[in-house]
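J.: Here it is: the structure, laid out below.
The values are calculated or read from the model by the stated rules, or taken from the named source; none is laboratory data. Just so you know, these numbers come straight off a predicted model, no measurement behind them. Cβ placement follows ideal geometry from the backbone for every residue including glycine, while neighbour counts extend to all protein chains displayed. Surface accessibility is based on the protein's heavy atoms, side chains included, excluding ligands, DNA and RNA. Shrake-Rupley method; radii C 1.70, N 1.55, O 1.52, S 1.80 Å.
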Amino acid sequence: MYTIIDGKKISTQIKDELKQEVALLTEQGNRPNLAVIQVGNDSASSVYVNNKAKACEYIGIGSEVFRLDRDISQEGLIDLIDELNARNDIDGILVQLPLPDHIDEKSIINAISLDKDVDCFHPANVGKLVSGEGIFKPCTPAGIIQLLKRNNITIDSKRCVIIGRSTIVGKPMMNLMLDENATVTICHSHTKDLEKITSTADILIVAIGKPKYITANYVKEGAVVIDVGIHRMENKKLCGDVDFEGVKDKCTAITPVPGGVGPMTIAMLMKNCVESRKSRLT
Ligand code: GUN
């Protein structure tokens, strides 16, 4: 028998906890505020941005959404970020990615003030994460840690295999799992004998970007499987990087897609906004 790790339920728990914290902060005149910037009108980005604004509203965090023309110059975008950096009432600045080709993503991320970088994408904040100093945790990996802990899944001393080495998921996931005393292996597109390595995992975290790629032969009997992928299939249904139906009976616990990791990313973004406000209190 396997447990379905319910990201929707756990993200709501976290948002409800934050709601209480934000009510207290707001009473004291310290409501957290998030600025979200979207460049252009890519439909997937619009959905993500709207979901972030909705989560803010649910919790009581103030949100300002800036929808900029696709043709805005890099300088124009940096001017807006500078303005928001200087505003005392703004605690978090999030620039929705991807950006149009004429804008250099790294320059934009570098323009965000370190103490408002609620995505935890700025290289200096990544460095702080590695050295265990930062106030922000990268949202998707931090959400996965919460999914495990709130399902009473022990991380300490477990063998964790991560597939994917992105700066947003794979690499920071490694750091957070190490902080929890797991033994961590990262696999990627050049890894040989992937199946052999993933079959050793007590906890398998999959961010490979290929629909239903991970089948039962990649999974150890009794493993916990976390699926970071999300894809729209031809029949319009969503699926992950893991072949859920083929894998589930080998697992003790598994995340569904949708309703697994996805909702956690936004919940942890909200947590970073609250932490940012709290770090600014005198
Ligand atoms: N685009 C897709 N996911 C994310 C995210 O977590 N943060 C930002 N800024 N852009 C994204």
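J.: Taking the range 118-128 on its own, how many of its residues are more than 10 Å from the ligand (Cβ to nearest atom) and of a type outside the set (Gly, Ala, Ser)? Walk me through it before giving the result.
T.: Kept after step one, since they are more than 10 Å from the ligand (Cβ to nearest atom), are these residues of the range 118-128: 122-128.
This time we only want the ones that are of a type outside the set (Gly, Ala, Ser), so: 122-123, 125-126, 128.
Qualifying residue count for the region: 5.
J.: Follow-up question, since we're still on this one. Within the range 129-137, is there a residue that is buried (at least 20 other Cβ atoms within 10 Å of the Cβ), under 14 Å from the mean Cα position of the chain (by Cα), within 16 Å of the ligand (Cβ to nearest atom) and at pLDDT 95 or above?
T.: The answer is yes, given that some residue of the range 129-137 is buried (at least 20 other Cβ atoms within 10 Å of the Cβ), under 14 Å from the mean Cα position of the chain (by Cα), within 16 Å of the ligand (Cβ to nearest atom) and at pLDDT 95 or above.
J.: Checking PRO258 against (1) within 16 Å of the ligand (Cβ to nearest atom); (2) part of a helix (DSSP H, G or I); (3) surrounded by fewer than 18 Cβ atoms within 10 Å (Cβ to Cβ), which single condition isn't satisfied?
T.: Unmet condition: (2).
J.: Under 9 Å between Cβ atoms, at least 6 apart or on separate chains: pull out the pairs that start in the range 255-282 with a residue that is at positive phi and end on any residue that is surrounded by 24 or more Cβ atoms within 10 Å (Cβ to Cβ).
T.: That search, which allows pairs on different chains as well, returns GLY259/GLY7.
J.: Continuing with this model, one more query. Against the definition (acidic (Asp, Glu) and in a helix (DSSP H, G or I)), how does GLU245 come out, yes or no?
T.: So GLU245 passes the test.
J.: Could you check, for the range 12-19, whether at least one of its residues is touching a Phe, Trp or Tyr at 6+ places or on another chain (Cβ under 8 Å), modelled with pLDDT of 95 or more and among the basic types (Lys, Arg)?
T.: Yes, the range 12-19 has at least one match.
J.: Restricting to the range 108-117, and then to whatever is away from the ligand (no atom under 11 Å from the Cβ) and of a type outside the set (Ser, Thr, Tyr), can you tell me which residue is surrounded by the most Cβ atoms within 10 Å (Cβ to Cβ)?
T.: Only one residue tops the list, namely LYS116.
J.: Give the residue that is farthest from the ligand (Cβ to nearest atom), with candidates limited to residues of the range 148-188 that are under 12 Å from the mean Cα position of the chain (by Cα) and of a type in the set (A, V, I, L, M, F, W, C).
T.: Here the residue is MET173.
J.: Can you list the helices (runs of 4 or more DSSP H) lying wholly within the range 1-106 that have 3 or more residues being within 16 Å of the ligand (Cβ to nearest atom), under 23 Å from ALA267 (Cα atoms) and open to solvent by 50 Å² or more (accessible area, probe 1.4 Å)?
T.: Filter on the range 1-106 gives 43-59.
J.: Would you confirm, using the coordinates I've provided, whether ASP79 is farther than 30 Å from GLU221 by Cβ and touching a Cys at 6+ places or on another chain (Cβ under 7 Å)?
T.: No: the conditions fail for ASP79.
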